[in-house]
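The values are calculated or read from the model by the stated rules, or taken from the named source; none is laboratory data. Every value quoted in this text rests on a predicted model; they were computed, and no experiment measured them. Cβ coordinates were reconstructed from backbone atoms using ideal geometry, including for glycine residues, and neighbour counts include every protein chain displayed. The accessibility values were calculated without ligands, DNA or RNA, using every heavy atom of the protein model including side chains. Shrake-Rupley method; radii C 1.70, N 1.55, O 1.52, S 1.80 Å.
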Amino acid sequence: MNDSLSDAPTQQSGAPSGANEDRGTTPPRKKATAAQDRETTRALQSRYDSWTMRHPTAAQDFVDAVKEILSEAGLAFDAVTARVKSFRSTRQKALRRDAEGNYVYPDPWHDVHDIIGVRVTTYHSTEIPAIMDALSDSLTVLRTIDKTAETRISGRLGYGSQHLICKVGMTAPSDLEPYTNMQFEVQLRTVLQHAWAEFEHDIRYKAPEGATDPRIDRAFALAAGLIELADQQFDQVVAVLEGSASDESASGVDDGSKASADSVAADDIVLTDETLPGVLTLLLPNSPRSKSEHYAWAEELLTLNGITTVGQLRELINPHRLAKINKAMKYRFTPGHVRIIDDLLLAANGNRHILATADTGDVPQRRPRRLRSRLNQMAGAGVLEEKAQAEDQLKRSTKNSATSPAPEAGPAADDRAS
């Protein structure tokens, strides 16, 4: 895009050269437009420089916050990245005008919603809806844009992605507190979609405007079609695996004595971070898998609560307990394996779970506060088990005793004696 603030003057058709103004002079309207653009640029530059100086770690703050949201939900994802839009790109967007010559973004600092841009990549597209739900639970989602659908409607093959226009609200992770009320964009795409988009952008960016070879266009269109097919096949693989897990789980209930014998033998198997994903897929067939590296943490949580075998895990994950937790937590997203395990342990063991696991996880400094918030929600819904409920009541009474005022001094000992 040309960065010049004014265009070359255009001569009216049929007007003799120099009839209204000397050749090479700029029409008054273009002068006014250029002056307005210069003023807009100066104001935007001042605001941009001030903000970036106050928030030098903005990109990493948003990465940490989004990772925290997804990890707390126990969801699987490939990577989270973020960038702060360069001033040059921000300026180009801020100076866009519509057909009537008015700014498309009258207040660019607030109207341009992708000054902060976050990208989440997933292994397959079926993970994207759950991620969108988890983000909606912690952030204010103002608008969603289905770029994949837009591309299909236009009759083209190419860019596929889900875009969320979000705002930092009161329920956002504490990392984002300095950015309260700021809007930002989140892009969700599969790793294959991401590879296509990055390569295509790199080629288009390096090529002079309008100079792309038609053979390159055809190659990109073909690659986009193949990538869409590959994504569909990955989704099919996941559907087959989940279907097999559901079938195995159901057959384990209906096979009678043989199934019972097999179940007893399986119950003695010791849990590891390698076996845990498969075991949880069988025990929680309707829940999405978590990020691969989070299963080691799940094993740690279980071990710290004395659960080391498949049988003990099966006892923890019983349908009645699971139904009560789902009702109490009122999840606005579909929690993954690891989040469900964490909540089941919290309901079963209460404050003992908080004390035992407070210094674990990706963000241990904030874990105790989050767990206590969840524990209060469970207590309010009446789903804490007896042991956990007794400990919670003891903790509350101890806290109330410590904060209540001391009783007024009674009569002196000599007065009582008399």
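Data table
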quantity	calculated
Total residues in the range 124-144, condition surrounded by fewer than 21 Cβ atoms within 10 Å (Cβ to Cβ), touching a residue at least 24 places away in the same chain (Cβ under 8 Å) and of a type in the set (D, E, K, R)	2
Scan of the range 347-365 for residues that are touching a Ser or Thr at 6+ places or on another chain (Cβ under 9 Å) and open to solvent by less than 10 Å² (accessible area, probe 1.4 Å), ordered by number	none
Conditions (1) buried (at least 16 other Cβ atoms within 10 Å of the Cβ); (2) farther than 28 Å from Asp78 by Cα; number of the one not met by Lys291	(2)
Only listed residue being under 17 Å from Gly382 (Cα atoms) and either in contact with a helix residue (DSSP H, G or I) (Cβ under 7 Å, 6 or more places away or on another chain) or in contact (Cβ under 8 Å) with a residue 12 or more places away in the chain (or both), chosen from Ala328, Ala323	Ala328
Selection within the range 17-54 - open to solvent by 80 Å² or more (accessible area, probe 1.4 Å), part of a helix (DSSP H, G or I) and at pLDDT below 90	Pro28, Arg29, Lys31
Residues of the range 55-69 classified as loosely packed, with under 11 Cβ neighbours inside 10 Å and touching a residue at least 24 places away in the same chain (Cβ under 8 Å), total	0
Residues of the range 100-119 that turn out to be assigned to a loop (DSSP other than H, G, I, E, B) and open to solvent by 10 Å² or more (accessible area, probe 1.4 Å), as a count	9
Search result, residues across the range 78-98 that are part of a loop (DSSP other than H, G, I, E, B) and either modelled with pLDDT of 90 or more or closer than 17 Å to Arg42 by Cα (or both)	Lys85, Ser86, Leu95, Arg96, Asp98
Ala94 of a type in the set (A, V, I, L, M, F, W, C) and open to solvent by less than 40 Å² (accessible area, probe 1.4 Å)	yes
